[in-house]
């Protein structure tokens, strides 16, 4: 079985998007793990509010859609990275939340 790929959309200065008025903005660096402190993780919380985890998407198409949304709706330039992730905390067909993310390869 093929390993799942995950993607992270970040702003051009490598910060999280703050979607759905999420005030918990994380800063990323390439090839460096960003982990949530265990006390801030709420497993199964969702689908996408608060510190339920760090959001990632499961396809390049979904990532491209987020980039277009941010550019059109908020005039924010974004980047897409293929990522390694930690433990999956919540998941649906298009997205997942995890306790850790590492930006591996810039796609766009």
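Each value in this text was obtained by applying a stated rule to the coordinates, not by laboratory testing. Since this is a predicted model, take the numbers as computed values, not measurements. Cβ placement follows ideal geometry from the backbone for every residue including glycine, while neighbour counts extend to all protein chains displayed.
Residue 87 versus residue 19, label points 7 Å from Cα toward the beta carbon: distance in nm? Going by the 7 Å Cα→Cβ label model, 2.4 nm. Peptides 62-74, 18-30, 93-105 ordered by packing proxy, namely the average of other Cβ atoms within 10 Å per residue, highest first: 93-105, 62-74, 18-30.
Considering helices alone, the calculated mean residue ellipticity of the chain at 222 nm is -4500 deg cm²/dmol, with DSSP H runs of length four and up weighted by -39500 (n - 2.57) and normalised per residue. With viscosity 0.692 mPa s and temperature 37 °C, the Kirkwood radius over alpha carbon pairs of segment 6-106 converts through Stokes-Einstein to a diffusion coefficient of 245 µm²/s. Taking all Cα pairs closer than 8 Å and separated by 6 or more residues, the relative contact order of segment 6-106 comes to 37 percent.
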